[in-house]
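One structure below.
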Amino acid sequence: VALNSTAAGDGTNVTGRYGTGVAPSNAAAVSGTQIGAVQHTIASTTLGQQGFTVLGVVTGLALNTAVWFDLSLLAVTGGGSTIKDVQVVLIEF
């Protein structure tokens, strides 16, 4: 679930990202290639939480090249974006 825990009526945008090289650290600028559509959440209170799902297909990855996958959070106008109870499924075929 996603929430903006410090700004009532504000939202959080969640995107999936992937890339090669060094993975981004917490609070770093957004990097990598976006996976799927931006997931927008808006809550009327700081306790409001919304579920989200990031879906996408990544093709054309090179053999023997390490790839990182990440979630990017953005507080829409301010506050503190948070996600919790995260479940991840990655399938290679």
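The values are calculated or read from the model by the stated rules, or taken from the named source; none is laboratory data. Note that this is a predicted model, so its numbers are computed, not measured. We place every Cβ from the backbone using ideal geometry, glycine too, and count neighbours over all the protein chains shown. Just so you know, the surface numbers come from the protein's heavy atoms only, side chains and all, with ligands and any DNA or RNA stripped out. Shrake-Rupley method; radii C 1.70, N 1.55, O 1.52, S 1.80 Å.
Within region 53-66, track down each residue that is under 16 Å from the mean Cα position of the chain (by Cα) and open to solvent by less than 70 Å² (accessible area, probe 1.4 Å).
Within region 53-66, 54, 56, 58 meet the criteria.
Only one of 14, 38 is open to solvent by less than 70 Å² (accessible area, probe 1.4 Å), free of Cβ contacts under 8 Å to residues at least 40 places away in the same chain and in a strand (DSSP E or B); which?
Among 14, 38, only 38 is open to solvent by less than 70 Å² (accessible area, probe 1.4 Å), free of Cβ contacts under 8 Å to residues at least 40 places away in the same chain and in a strand (DSSP E or B).
In region 77-93, which residues are in contact with a Ser or Thr (Cβ under 7 Å, 6 or more places away or on another chain) and on the phi < 0 side of the Ramachandran plot?
Selection gives 80, 81, 82.
Just a yes or no: is a residue in region 41-52 farther than 19 Å from residue 19 by Cβ, of a type in the set (S, T, N, Q), open to solvent by less than 50 Å² (accessible area, probe 1.4 Å) and under 13 Å from the mean Cα position of the chain (by Cα)?
Checked against the condition, which is being farther than 19 Å from residue 19 by Cβ, of a type in the set (S, T, N, Q), open to solvent by less than 50 Å² (accessible area, probe 1.4 Å) and under 13 Å from the mean Cα position of the chain (by Cα), region 41-52 yields at least one hit.
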